[in-house]
Amino acid sequence: MSSATPESAETQPWGRVDDDGTVSVREGEEWRVVGQYPDGTPEEALAYFERKYADLASEVTLLEVRHRRGGASASDLRGTARTIRERLDGAAAVGDLASLEARVTTLEGALSEASAEEAQAQRAAVDAAVAEREGIVAEIETIAAKDPRSIQWKQTTADVAALFARWQEHQSTGPRLPKAVGQQLWKRFRDARAVIDKNRREFYSSLDDQHKAARDAKTRLVERAEALAPQGEDGITSYRSLLDQWKSAGRAGKKADDALWARFKAAGDVLYGARIERESADVEASKEKIEAKRALLDEAAGVAKEKDNAKARSLLTNIQRRWDEIGRVFPRDTERGLDDQLRKVETALKAREDEDWKRNNPETKARQNDMTSQLQDAITKLEDELTAAEATKDKAAIAQAKDALDARKSWLRALGG
């Protein structure tokens, strides 16, 4: 039996080499043969099996580092730890195998605790994932339960697509659900989406029928509107009636609606174009009439200057007769402006006549004469009372008589007395 050289003194206690090249490792007080290395020196034999030990130690160290850094699953690391322990059992290596086993044992204990925490976290994550998946299902089932007639299908289709995208994202990135739970939730989601798809197909099928009916109705309205063209301006009333029917005909789809409306509007433009042409002709023909009416307004300025109401009325009546003979003028705004100016002359004369009537009405005059007589009598009486009061030098009586006398005289002046 040979011993290690002085350079390998540190490792000598853990291994030895017999003369025949058999290498043993010390385990406690016992020695266990780990192999033979007959073709080399004892130092080379020990170095070979020490490298085996170093490899095992590196694996244990790497496992410890992975656990400390986190990120790796504790259950996966436990599997690696079991594999290392199996390799340590009867390992063909020279070194402190017992310390490696102790480190693995400590690591297994820590990994066991971490695995329990991971399992608890996993259960919590699964519960949260189930709740989230149930929330997605509840949303799509709510949509499926709506009255198809009240649904905005463009937005709803986008919402359903978004829910399906959320489902797929959750399925690919979230924790795996228990098979029975996952299948049951998927069945609910799939069934709700099938109901929505069915309702959407039925809605658009019905919408196609509505669009066709509206398209046919509007086509007929367009044809009737186009047939009004020979009537020119006289066809506008009928066109407006067709327009009311158009508004209640419903939607025919954007493309069809736009095309039909372009034809319908063009038919109306023909009729209103005829009106514009006629109005333009009327405006041209009205130029001389407008000048004639303005001349009459200049003449009507003399109505206000005429002090005799009867002569003023005769002058205005003559102007009004000639005004009517001239007839209507265009545009309408100009006509209204001219009429307003003549109406001011008429109103002013009417006010003068009313005032004159009030002033010269026999009944009014009789009432005024009677009141004037009464006021004159009252003034005479009050003058006598004032004279008597002044004779007695009664200041209060004098003041009262003067106030009453001034009031009666004021009334008399108002009556023109």
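The values are calculated or read from the model by the stated rules, or taken from the named source; none is laboratory data. Model, not experiment: these values are computed from the prediction. No Cβ is skipped: glycine too gets one built from the backbone with ideal geometry, and neighbour counts run over all protein chains shown. Heavy atoms of the whole protein, side chains included, go into the accessibility calculation; ligands, DNA and RNA do not. Shrake-Rupley method; radii C 1.70, N 1.55, O 1.52, S 1.80 Å.
Using Cα-Cα distances under 8 Å and only pairs 6 or more residues apart, what relative contact order does the chain have, in percent?
Worked out over the chain, it gives 8 percent.
For Cα extents along the principal axes in Å, several values are listed as (1) 173, 92, 43; (2) 73, 54, 44; (3) 60, 54, 42; flag the one computed from this structure.
Among (1) 173, 92, 43; (2) 73, 54, 44; (3) 60, 54, 42, the one derived from this structure is (1).
Please sort through the DSSP H helices of the chain and keep those with an alpha-carbon extent of at least 30 Å along the long axis and a Kyte-Doolittle average not below -1.0.
Qualifying helices: 42-69, 97-144, 254-305, 362-392.
Quick one: net charge around residue 337, please, counting Lys, Arg +1 and Asp, Glu -1 for every other residue with C-beta under 12 Å from its C-beta.
+2
Find, among the GluC sites (Glu not before Pro) in segment 174-260, those assigned to loop by DSSP (not H, G, I, E, B) with at most 12 other beta-carbon atoms within 10 angstrom.
Passing both the DSSP loop test and the Cβ count: no residue.
What's the center-to-center distance, using Cα atoms, between segment 281-346 and segment 174-191 in Å?
What the calculation gives is 91 Å, centre to centre.
Just order 169-176, 124-131 by mean Cβ neighbour count inside 10 Å, highest at the front, would you?
For the peptides 169-176, 124-131, the packing ranking is 124-131, 169-176.
DSSP loop trypsin sites (Lys or Arg not before Pro) in segment 140-173 with at most 15 other Cβ atoms within 10 Å of their Cβ, which ones?
For trypsin sites (Lys or Arg not before Pro) across segment 140-173 that sit outside H, G, I, E and B with at most 15 neighbouring Cβ atoms in 10 Å, the list reads 146.
If Lys and Arg each add +1 and Asp and Glu each add -1, what is the summed charge of the other residues whose beta carbon sits under 12 Å from the beta carbon of residue 144?
Summing Lys/Arg as +1 and Asp/Glu as -1 gives 0.
Of the listed pairs 358/409; 289/350; 154/218; 305/344; 218/255, which have alpha-carbon separations greater than 19 Å here?
Pairs exceeding 19 Å: 358/409; 289/350; 154/218.
Can you give the helix-only mean residue ellipticity at 222 nm for the chain, where every DSSP H stretch with n ≥ 4 adds -39500 (n - 2.57) and the sum goes over all residues, rounded to the nearest 500 deg cm²/dmol?
-28000 deg cm²/dmol
Per residue, how much accessible surface does the chain expose to a 1.4 Å probe? Answer in Å², no decimals. Don't skip to the end; give the middle numbers.
Details: 26490 Å² over 417 residues.
Result: 64 Å² per residue.
Sequence-distant or interchain residues sharing an amide H contact under 5 Å with residue 35, placed H: which?
Here the answer is 23, since their amide H atoms fall under 5 Å of that of residue 35.
For segment 283-360, with only Lys/Arg (+1) and Asp/Glu (-1) charged at the beta-carbon, what is the dipole magnitude about the Cα centre, in debye rounded to 20?
180
Mind checking the dipole of the chain: about its Cα centre, +1 per Lys or Arg Cβ, -1 per Asp or Glu Cβ, Debye to the nearest 20?
Values: 70 positive and 77 negative charges, 721 e Å.
Here the chain has a charge dipole of around 3460 debye.
Within the chain, what whole-number % of the accessible surface is contributed by carbon and sulfur, with the 1.4 Å probe and all protein chains included in the calculation?
Answer for the chain is 51 percent, counting heavy atoms of protein chains only.
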